[in-house]
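Comments concern the structure below.
The values are calculated or read from the model by the stated rules, or taken from the named source; none is laboratory data. Computed from a prediction, not measured in an experiment: that's the story for all the values here. Don't worry about glycine lacking a Cβ; one is built from the backbone with ideal geometry, like all the others, and counts go over all protein chains shown.
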Amino acid sequence: MVDATQTRVMALIEPWNGRSFLSFRKRTLTPETSLNLDMKLDPEDAAECLQNVFDAFEMDSDQVTFSLYYPEDPHEAIPLTVGMLIESVRARRWCYD
């Protein structure tokens, strides 16, 4: 069930949701969509996107271990999902890492 928190978080992320190179269509955001693996945001854009969400909900972004999601070896990256942001906003703190 989509609630107001999920709707607001997705709206805050939507400006970073670029078009596909193949179809030129925007990806449909879901809680399973990852910023790093699916949306392919670079670390700077992902950090800005997260900061935007955290600022909107007056949360501390320093709790995120960003290197887990953007390690030196991209094959070791853990998905940074929209759902993780939604759950963290509901808890009013970063719930992962």
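Quick one: how many residues across the range 69-88 are surrounded by 15 or more Cβ atoms within 10 Å (Cβ to Cβ) and farther than 27 Å from Arg25 by Cβ?
Residues that pass the stated criteria total 2.
Of the conditions (1) assigned to a loop (DSSP other than H, G, I, E, B); (2) touching a Lys or Arg at 6+ places or on another chain (Cβ under 9 Å); (3) among the hydrophobic types (A, V, I, L, M, F, W, C), Val89 clears all except one; give me its number.
Among (1) assigned to a loop (DSSP other than H, G, I, E, B); (2) touching a Lys or Arg at 6+ places or on another chain (Cβ under 9 Å); (3) among the hydrophobic types (A, V, I, L, M, F, W, C), the lone unmet condition for Val89 is (1).
Taking the residues in the range 50-68 that are exposed (fewer than 14 other Cβ atoms within 10 Å of the Cβ) and not in a helix (DSSP H, G or I) as candidates, determine which candidate is nearest to the chain's Cα centre (by Cα). Step through it out loud before you land on a result.
Start the filter on the range 50-68 by keeping residues that are exposed (fewer than 14 other Cβ atoms within 10 Å of the Cβ), which leaves 51, 55-56, 58, 60, 62-63, 65, 67.
Those still in the list that are not in a helix (DSSP H, G or I) too: 58, 60, 65.
Numbers: Glu58: 16, Asp60: 15, Thr65: 13 Å.
Looking at the filtered set, the residue picked out is Thr65.
Could you check, for the range 36-49, whether at least one of its residues is surrounded by fewer than 15 Cβ atoms within 10 Å (Cβ to Cβ) and in contact (Cβ under 8 Å) with a residue 40 or more places away in the chain?
So far as the range 36-49 goes, no, none of its residues is surrounded by fewer than 15 Cβ atoms within 10 Å (Cβ to Cβ) and in contact (Cβ under 8 Å) with a residue 40 or more places away in the chain.
When both residues are 6+ apart or on different chains and their Cβ atoms are under 9 Å apart, which pairs have a first residue that lies in the range 58-72 and is charged (D, E, K, R), and a second that is assigned to a loop (DSSP other than H, G, I, E, B)?
Within 9 Å, the pairs are Glu58/Arg92; Asp60/Arg93; Asp60/Trp94; Asp62/Trp94.
Considering only the range 35-56, I want to know if a residue exists there that is at pLDDT 95 or above, out of contact with any Leu (no Cβ under 7 Å at 6 or more places or on another chain) and closer than 20 Å to Val2 by Cβ.
No, the conditions are met nowhere in the range 35-56.
Do you know which residues across the range 56-77 are under 18 Å from Cys95 (Cβ atoms) and not aliphatic (A, V, I, L, M)? Steps first, answer last, please.
Narrowing the range 56-77 to residues under 18 Å from Cys95 (Cβ atoms): 56-69.
Matches in the range 56-77: Phe57, Glu58, Asp60, Ser61, Asp62, Gln63, Thr65, Phe66, Ser67, Tyr69.
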